[in-house]
Amino acid sequence: MGTGKRITLQQAAEIIKDGSSLTFSGFTIWRRPMAIVFELIRQQRRGLHLIEVNGGPHTEFLVGAGCVDIWESCWVGHELYGKYGANLSRKVGNKEIIVEDYSHAEMMFRFAAGAAGAPYAVTQTSLGTDIHNPEYDMLGRAGKRDGKRIPKHKYLFTDDPFYGAGPQVLVPAAKADIAIMCVQQVGEEGTVRVNGQYYSDPEAARTADITIVMAEEIVPEEYLRREADRNTITSFEVDYIVECPYGAHPTGMFGRYDVDGAFLKDFYGRTRTQEGFDDFAKEWIMGLDHLGYLEKLGWPRMLTLKANTALNYSTGVKRGQ
């Protein structure tokens with residue numbers, strides 16, 4: 001049974017308007033929705049607010065392209081292919097972007113609260129650190145805390161009223177306009193199956209008002225229902241689906257293709273300056289569509305990244321490259 005959820009890559013990017021708050025699937029350099037990120041850059045989206053458990057190459061591309069005004073998270077980088085986010089660092093230094101810093105655990109608690117429909121989470125994480133220094137409430141200092149999409153407070157303190165366990169931190173639930181997911185399979189009606197680690201994908205989908213799923217392949221729902229226990233996100237939590245092979249490149253897709261470490265190293269090395277980023281974007285993003293991007297990469301390169309179906313990683317590339 002069709003549901004009319006299927007759209008194109010370009011249509012997916014058009015749903016994301018200037019000023020939207022976004023969250024993403026995956027973790028660091030795995031299963032990031034890069035094809036949609038590149039299309040947002042081509043469409044010159046502006047004023048985005050990224051709220052994510054952790055950042056990665058998708059963050060760096062959007063920030064470098066000037067698409068982002070606010071970033072809420074804990075860390076950004078490319079793991080062994082680039083230890084920190086050079087573009088985010090540059091934009092922060094130039095006061096072109098607001099960064100709201102939480103600990104990794106606090107971000108996960110925020111998403112868990114948002115997924116459960118709770119207004120906040122309770123934790124002792126980061127007590128005694130400068131994360132709770134009022135001077136570092138950057139959204140508050142910028143006058144952005146409207147109590148709607150952005151919480152009235154970065155955090156609040158309270159004492160445990162039940163067991164006397166001492167000070168507790170209340171952190172606000174994460175709220176996003178749109179979650180952009182990148183997965184191996186999605187059903188025709190929107191059921192998602194993630195192979196390998198699914199990270200915080202279910203929480204991200206439930207936190208957002210709209211969920212867009214970009215998959216390596218769209219498959220019959222009947223196929224996914226044969227082993228329903230392997231599915232990750234239910235169809236009614238998904239609003240739109242896109243079929244886009246190699247949509248996560250240069251990040252990896254477990255069981256399908258490895259991280260393109262050489263691409264990420266090149267990106268990291270060349271984009272320390274804005275001029276460097278602009279040159280890189282001109283070469284790899286602007287003037288291309290996804291098919292043109294894959295053609296530019298070339299099939300010999302993509303076949304080298306292709307995962308062995310028994311091992312779930314590529315045997316054609318040296319580990320660590």
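Under a model in which nothing but the beta-carbon of Lys, Arg (+1) and Asp, Glu (-1) is charged, the chain shows a dipole of about 460 debye around its Cα centre.
Of MET253, MET138, the residue with the largest accessible area leads and the full order is MET138, MET253 (1.4 Å probe). Across the range 9-305, C-alpha contacts under 8 Å between residues 6 or more apart give a mean separation that, scaled by the residue count, equals a relative contact order of 20 percent. Rolling a 1.4 Å probe over the protein heavy atoms gives the range 9-305 an accessible area of 42 Å² per residue. Local charge for ARG141 was computed over the other residues whose Cβ lies under 15 Å away, with Lys and Arg +1 and Asp and Glu -1, and equals -3.
Note down the magnitude of the dipole of the range 193-237 about its Cα centre, charges +1 on Lys and Arg C-beta and -1 on Asp and Glu C-beta and zero elsewhere, to the nearest 20 debye.
Numbers: 5 positive and 10 negative charges, 22 e Å.
For this selection, approximately 100 debye.
Which lysines does LYS306 reach when only Cα atoms under 20 Å apart count, and residues fewer than 8 places away in its own chain are ignored? Hits, sequence-local ones excluded: LYS265, LYS296, LYS318. For the range 208-244, applying the loop criterion from DSSP together with a ceiling of 13 other beta carbons within 10 Å to the GluC sites (Glu not before Pro) yields GLU227. Taking a ≥ b ≥ c as the square roots of the eigenvalues of the alpha carbon gyration tensor, the range 229-321 is oblate, as a/c is not under 1.5 and a/b does not beat b/c.
On a C-alpha basis, how far is the centre of the range 242-293 from the centre of the range 47-70 in Å? Whole number, if you could? Their Cα centres are 15 Å away from one another.
Calculate what fraction, in whole %, of the accessible area of the chain sits on carbon and sulfur atoms when a 1.4 Å probe is rolled over the protein chains. Walk me through the numbers on the way to the answer.
Numbers: 7370 of 14220 Å².
Within the chain, the accessible surface is 52 percent carbon and sulfur.
By per-residue mean of other Cβ atoms within 10 Å, what is the highest-first order of 109-117, 64-72? Walk me through the intermediate numbers first.
Numbers: 109-117: 19.9, 64-72: 22.2.
In descending order of packing, they fall as 64-72, 109-117.
For the chain, with the dipole built from +1 on Lys and Arg beta-carbon atoms and -1 on Asp and Glu ones, taken about the Cα centre, which of MET302, THR234, TYR223 lies farthest toward the positive end? With unit charges placed on the Cβ atoms, the residue in question is MET302.
Of all lysines in the structure, the ones whose alpha carbon falls short of 26 Å from that of LYS17, not counting any fewer than 8 places away in one chain, are LYS5, LYS91, LYS95, LYS144, LYS148, LYS152, LYS154, LYS175, LYS282. Using alpha carbons only, the radius of gyration of the range 9-305 set against its Kirkwood radius gives Rg/Rh = 0.97.
Counting DSSP beta bridges with both partners in the chain, what percentage is antiparallel, nearest 5?
Values: 14 of 43 bridges.
Bridges in the chain that DSSP calls antiparallel: roughly 35 percent.
If you fit an axis through the alpha-carbon atoms of helix 104-116 and take the longest principal axis of the Cα set of the chain, what angle between them do you get, 0 to 90°, nearest 10? That works out to roughly 90 degrees.
The values are calculated or read from the model by the stated rules, or taken from the named source; none is laboratory data. Just so we're clear, the structure is a prediction, and the values are computed from it rather than from any experiment. Quick reminder, even Gly has a Cβ in these numbers, built from the backbone with ideal geometry, and neighbours come from all protein chains shown. When the accessible area is computed, the model is the full protein with side chains, heavy atoms only, and any ligands, DNA or RNA have been set aside. Shrake-Rupley method; radii C 1.70, N 1.55, O 1.52, S 1.80 Å.
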